[in-house]
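Have a look at the structure below, then the notes.
The values are calculated or read from the model by the stated rules, or taken from the named source; none is laboratory data. What you see is a predicted model, and the numbers here were worked out from it, not measured in a lab. Neighbour counts run over all protein chains shown; Cβ positions are idealised from the backbone, glycine included.
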Amino acid sequence: MSRARVLADYVSSGDELAATTTVASAALPKAGGAMTGAITTNSTFDGIDIATRDAVLTSTTTLATAAAPKASPTFTGTVAIPNVANLETAVVANTAKVTNATHTGAVTGGTSLTIADDAVDSQHYAAGSIDNEHLADDAVGTDELANNVVINTSGAITGGAITGIGTNRFSKDDSTPSGTAVSIFSDAVFGSTDTVNTGITVLGTGQTGLVFGNATDSDVGQIRYQHSTNKIEILAGALISLTAASADVTVNTGNLVIGTAGKGIDFSNSANTTATGAAVGASPAEVLDDYEEGTWTPRVAAYSGTNASITQAGNTGFYTKVGNIVNLTANIAITAISGTVSGICAILDIPFNQLNSAINPSGSVTFSSVTFLRPDNKGPTFVSTSSIAFLSSTNGLGWGWELLSILDSTSVIRLSITYQTT
């Protein structure tokens, strides 16, 4: 090659090396030497697209295409590990659950599992899965359970839906209670016809009991026990109606009401009295079934014969009935009497008839302005089951009924008599 040709090539390559352009026409030295400045390219090296790789390495997104640093990684977002067998399944199984999530596997670790309100009912737990071995001592309280939860004495939840008992029952043991609830009170039935002793135990040291209420009043009645005084009290409203203490029962307010006629207080446990060595009947009546007291208006008239015209003013009477025994009192004042006066002098309109006219009790009487035919011995007694008259006698002679003729316009009669009624 001529010297002139070599010199020309050298000058040309020197111009390209000195050029500042970045286009492909700029030449690179063939060998040796150090290069300065940035080198850009839109081509690939060894089949790798350098531009795409650079975008991935410098990306800050959390997409799966973003590369993770090789050491001391800090991840944001969701990281899936599809290439490690069972690792993702194990992580998901122990991840805290939210509403509508399905939990599988055991719940472990120090973080409590939060369950949404009303999320656990009979449709969402397996039979026998909730018992005292799977709940902490304080895990189930009034804030954690719906109303009317059924829990038997073994600590297991039984009896159907947790969210409402309906006609379900509380069982003393794990067996299904037998028997049918009455239609009036079917919300809960305690015990079973298969058990001998059934009940509710309420423990305390002060005042314990049951309170009854409604939509407008949370305390319309109570049955409560006072530990300090050893008393059971029954309340209607705010008043203590009945108190049972030791061997005595006290009616605090109101009355002891016998709701059915003919019923009362039974004294059959008391010893029967005897007369002349014989019991008073094979089945003596020992039920005190009635008590009554009141007023009545006595009236004087002829029991037989001609009834005179009699004016009476201020007649008063009182009675007391205990069982079948009646006590009568009467105060009679005559202000005028006229007409034909004959017949037996009788007192009518008594409140209760006498039991048996063949057994005639007598009473006591006092008079003013009365002239008896036989003044020695006199007194009131029954002339019939509904009428009282005056029986008298002269000493040593027989008796007889006094007539209306013994009265005048100023006569006053006061009497008292006790008798047996039906």
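Below is a table of values for the structure above.
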item: For L355: the one exception among (1) within 57 Å of the chain's Cα centre (by Cα); (2) assigned to a strand (DSSP E or B); result: (2)
item: Some residue of the range 359-376 being assigned to a strand (DSSP E or B), closer than 29 Å to L288 by Cβ and touching a residue at least 12 places away in the same chain (Cβ under 8 Å); result: yes
item: Some residue of the range 222-230 being modelled with pLDDT of 90 or more, surrounded by fewer than 13 Cβ atoms within 10 Å (Cβ to Cβ) and touching a Ser or Thr at 6+ places or on another chain (Cβ under 6 Å); result: yes
item: The range 351-370, residues that are within 30 Å of T410 (Cβ to Cβ) and not polar (S, T, N, Q); result: P351, P361, G363, V365, F367, V370
item: Residue within the range 400-409 that is surrounded by 13 or more Cβ atoms within 10 Å (Cβ to Cβ) and among the hydroxyl-bearing types (S, T, Y) present; result: yes
item: Which numbered condition C345 fails, given (1) crowded, with 18+ Cβ neighbours inside 10 Å; (2) out of contact with any helix residue (DSSP H, G or I) (no Cβ under 7 Å at 6 or more places or on another chain); (3) not in a loop (DSSP other than H, G, I, E, B); result: (2)
item: Matching residues, the range 245-282, being in a loop (DSSP other than H, G, I, E, B), modelled with pLDDT under 75 and surrounded by 10 or more Cβ atoms within 10 Å (Cβ to Cβ); result: N272, V280
item: Answer from A358, A302 - the residue that is within 27 Å of G396 (Cα to Cα) and either hydrophobic (A, V, I, L, M, F, W, C) or surrounded by fewer than 18 Cβ atoms within 10 Å (Cβ to Cβ) (or both); result: A358
item: Exclusive hit being of a type in the set (D, E) and over 56 Å from the mean Cα position of the chain (by Cα), set D349, D376; result: D376
item: Counted residues, the range 377-403 - those being among the hydroxyl-bearing types (S, T, Y) and touching a residue at least 60 places away in the same chain (Cβ under 8 Å); result: 2
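Conditions (1) in a loop (DSSP other than H, G, I, E, B); (2) more than 18 Å from I325 (Cβ to Cβ); (3) at pLDDT 85 or above, marked per residue:
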residue: I240; (1), (2), (3): no, yes, yes
residue: T243; (1), (2), (3): no, yes, yes
residue: E292; (1), (2), (3): no, no, yes
residue: G305; (1), (2), (3): yes, yes, no
